[in-house]
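S.K.: Input: one structure, supplied below.
Rule-based calculations on the coordinates, nothing more; no lab input. Here the structure is a predicted model, which is why all the values come from computation and not from measurement. Quick reminder, even Gly has a Cβ in these numbers, built from the backbone with ideal geometry, and neighbours come from all protein chains shown.
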Amino acid sequence: MKFHNLAVSQKAVYQPMFKHRRWLEQRKRRSAEGQESIAQMETNLPALHGPEASIANHVEQSKVKESDLETFYNNVALKKHLWDAKRARDREFKLVAERLLEMIGGTPGKKRDRDNKVVIGIGLGEFSSTSRLSSLHTAFSAYFVQLARSLDYIVMGVNEYYTSKRCSVCKEFVG
């Protein structure tokens, strides 16, 4: 029986969300002549945290700008762009999952051959992102585990502690 610990770079999967985030920030910076941009409106709202924080002032100012903000965030183009970004991310998930299955001799949509005795190890690590995007590791792992199990593969969680520093053959730590 072979054991595969499949490590995947999440960079490709992040690209649709990065693209959407950049597009949204550009749209927020646009403003009609003589008016504040959405980014300026959000920045100029009173603080909710810190020494000068005032929920009453924040709510009052939010009500003044509410119709402009609501018009922006309920825009059909914004919702369509987000929907396209989610579709692109889903396609990336599918593509990465297909490539991982091909690495272990499997094919998507086809049950595991009885001769292909493989155990798939999925890292149980928690990841964060410096770009304020939530980590897609957990979302992709859940997607891949469900797909692999539906194709009759054995999938198990692996504690990633020291896996990149300890030799899998001799169990010695690598410098």
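S.K.: Check each of the GluC sites (Glu not before Pro) in the stretch 46-80 and keep only those in coil by DSSP with at most 14 other C-beta atoms within 10 angstrom; list them in order.
M.R.: Hits after loop and neighbour filter: E52.
S.K.: List every residue whose amide H lies under 5 Å from the amide H of V155, counting only residues 5 or more places away in sequence or on a different chain, with H placed 1.01 Å from N in the peptide plane.
M.R.: The list, which skips near neighbours in sequence, is I120.
S.K.: Which pairs in the list K86/K110; K65/K94; K28/K86; K110/K165 are over 30 Å apart, alpha-carbon to alpha-carbon?
M.R.: On the way: K86/K110 26 Å; K65/K94 41 Å; K28/K86 20 Å; K110/K165 35 Å.
Beyond 30 Å between Cα atoms: K65/K94; K110/K165.
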